[in-house]
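First comes the structure, then the notes that go with it.
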Amino acid sequence: MNYDLLRLGLSAPICLTWEMTYACNLRCIHCLSSSGRRAPGELDTDEARRLIDEWARMKVFYINVGGGEPMTRPDFFDLMEYAIRNGIGIKFSTNGTLIDRKAADWIVSTDYLDVQVSLDGASADVNDVIRGAGSYARARHAMDLLAERGFRFKINSVVTRRAFDQLDCLFDMARNYGAELRLTRLRPSGRAKEVWNALRLTQAQNRSLYAWLQDHPDVLTGDSFFHLSALGQPLDGMNMCGAGRIVCCVDPVGDVYACPFVLVPEFKAGNVRDSSFAEIWHDSPLFVHLRQWQVGGTCQECPAYTKCHGGCMAVKYFTETPLDDPDPECVFKSDSDAVLTALPLPTPRSIRAQKSPVLIG
Amino acid sequence: MDRDSRIRLSTTASLRREAFGALVYSYKDRRLLFIDQRLLPYLTSDGTRTVGEIADSLAAEGNIPGSRLEKTMALLEGLRRKGVLDEL
């Protein structure tokens with residue numbers, strides 16, 4: 001992959017994340033968007049459709065839809081179908097609690113729709129400490145419904161110290177379902193900032209994870225672990241921070257951020273209620289800056305620089321690490337450089353009762 | 001695929017021009033491809049001209065040497081096998 005092809009930005013994002021809502025019936029302790037309550041002033045259905053229209057004009061190929069729990073929006077199905085009719089593929093992320101038989105039938109019958117169900121452990125005792133009592137069972141039920149219908153979904157798992165020894169079990173689970181496994185890096189974003197040091201991997205685990213990913217090339221990572229590419233043969237993917245270059249995020253109220261992991265004012269490029277998305281993408285000062293910027297400092301002298309390009313900006317930001325410094329989990333750092341704790345974890349709230357969204361048609 | 005082949009972008013693919021050429025996305029298998037600008041005249045063809053006619057026209061304009069045709073055909077065949085191009 002040619003880094004320079006991507007570093008200067010593209011005519012439209014490749015990885016556009018749309019956090020449709022902050023409403024959620026779970027309270028995962030590591031939620032990157034600190035979701036739970038619906039934000040006042042969410043884009044309404046018409047505004048959302050106009051945004052989709054603009055993405056279609058820009059030839060955005062697909063959007064990653066998340067939240068919160070996107071299925072809590074009453075217009076969820078309507079908007080997904082609208083996007084697909086306008087040539088935009090959908091990859092949506094869900095906790096699975098709202099996938100009943102009818103929703104599963106809709107998923108299976110809808111073309112160009114990918115689904116990833118979140119699960120952060122291969123057993124309830126590991127998963128539910130992070131995602132809430134009963135969340136494991138509900139996610140598995142959703143997976144059972146999709147698998148019964150022959151639908152190839154993804155299991156998305158944030159890799160934590162608690163669940164690290166279950167990677168093989170998660171892999172087997174996905175294989176038994178005929179599903180794909182996708183692993184995501186835990187970043188100290190949102191609520192995860194409070195639990196990062198208790199849940200992040202040790203450096204030894206990071207090295208093991210790299211080897212495990214090399215042994216399991218079919219496991220997806222969404223470029224989450226590109227900081228580990230410095231260990232040797234680069235992992236598949238862009239291996240760079242794509243913020244503002246190939247990646248951006250639109251939040252429920254239309255704020256556009258450089259990355260879904262840094263939903264903070266410093267990385268906000270604009271709002272679609274004030275400017276068009278295209279104007280923000282092409283001309284916002286923040287994105288123009290990011291396309292000219294590279295991680296400097298000691299990283300540029302590192303022989304592994306071309307493999308990781310200095311690591312993840314979000315992890316640096318929330319650990320108050322200067323952006324020109326190495327990633328806080330740089331593979332060349334030792335655990336003594338890190339602050340690993342075993343604090344008691346907060347207890348996530350139980351699943352809130354949620355009325356199922358209206359399925360159109 | 002040969003000089004007389006007529007090709008067109010598949011209806012299950014989408015092409016977006018970029019500074020380096022284009023990005024092509026295959027909705028069928030979710031594959032994203034980076035396309036060099038030298039292949040653009042072929043991928044944006046509406047199928048009315050053959051591959052050979054496109055190549056000859058590029059060579060006449062000095063935009064691409066005729067000697068590249070064999071390599072270009074191999075690339076186009078690869079894209080056809082990936083489902084990105086349809087041979088008409």
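Rounded to the nearest Hz, the phi-derived 3J(HN,Hα) couplings of the range A:298-309 under the Karplus curve 6.51 cos²θ - 1.76 cosθ + 1.60 (θ = phi - 60°) are 5, 4, 5, 8, 6, x, 9, 4, 6, 9, 10, 6, where x marks glycine and proline.
According to the Kirkwood relation over distinct C-alpha pairs, the hydrodynamic radius of the range A:1-95 is 14.3 Å. Do you know the relative contact order of chain B, to the nearest whole percent, from alpha carbon pairs under 8 angstrom that are 6+ apart? It rounds to 39 percent for chain B.
Of all lysines in the structure, the ones whose alpha carbon falls short of 21 Å from that of A:Lys154, not counting any fewer than 8 places away in one chain, are A:Lys91, A:Lys102, B:Lys28.
Counting only DSSP beta bridges whose two residues both lie in the range B:7-83, roughly 100 percent are antiparallel. The antiparallel fraction among DSSP beta bridges confined to chain A stands at about 15%. With an a/c value of 1.5 or above and a/b larger than b/c for the gyration tensor axes a ≥ b ≥ c computed over the alpha-carbon atoms, the range A:273-339 is described as prolate. Working note: Cα gyration tensor of the protein assembly as shown, eigenvalues times five, square-rooted, sorted largest first, giving semi-axes of 37, 27, 22 Å. Taking 0.36 nm per residue of sequence separation and removing the Cα-Cα distance, the A:Thr45/A:His289 pair yields an extension gain of 84.6 nm. Extension gain for A:Arg101-A:Arg37 works out to 20.4 nm (0.36 nm per residue, less the C-alpha to C-alpha distance).
Judged by the gyration tensor of its Cα atoms, with axes a ≥ b ≥ c, the range B:7-83 is prolate; a/c meets the 1.5 cut and a/b is the larger of a/b and b/c. Listed by chain and number, the lysines placed with their C-alpha closer than 22 angstrom to that of A:Lys333 are A:Lys193, A:Lys307, A:Lys316; residues fewer than eight positions away on the same chain are left out.
Rounded to the nearest 500, the helix-only mean residue ellipticity at 222 nm of chain A stands at -9000 deg cm²/dmol, with each DSSP H run of n ≥ 4 adding -39,500 (n - 2.57).
Other protein chain C-beta atoms within 10 Å of residue C-beta, averaged over B:9-22: 3. Fully extending the segment from A:Asp168 to A:Ser109, taken as 0.36 nm per residue of separation minus the present Cα-Cα distance, adds 18.1 nm.
Rounded to 0.05, the FRET efficiency of the A:Ala137 and B:Arg3 pair, given R0 = 51 Å and the Cβ-Cβ distance, is 0.25. When each of B:Arg16, A:Arg185 is scored by the number of other beta-carbon atoms lying within 10 Å, the sequence from fewest to most is B:Arg16, A:Arg185. Relative contact order for chain A: what percent, with Cα pairs under 8 Å and sequence separation of 6 or more? The value is 23 percent. Put a dot 7 Å past the Cα of A:Thr347, heading toward its Cβ, do the same for A:Asp335, and the two dots end up 2.9 nm apart.
Quick check on the exposure proxy: order B:Val84, A:Val331 from fewest to most C-beta atoms within 10 angstrom.
A:Val331, B:Val84
Dividing the helix sum by the residues of chain B, where each DSSP H run of 4 or more adds -39500 (n - 2.57), gives a mean residue ellipticity at 222 nm of -8500 deg cm²/dmol. Look at A:His141, A:His309, A:His289 and count the other Cβ atoms within 10 Å of each Cβ; fewest to most, that gives A:His289, A:His141, A:His309.
Shown is the FRET efficiency for A:Arg85 and A:Leu8, computed with R0 = 51 Å from the Cβ-Cβ distance and rounded to the nearest 0.05: 0.95.
Bear in mind these aren't lab numbers, they're just calculated from the coordinates by the rules spelled out. Everything quoted here is computed from the prediction, not taken from an experiment. Here Cβ is always computed from backbone atoms with ideal geometry, including for glycine, and neighbour counts include all displayed protein chains.
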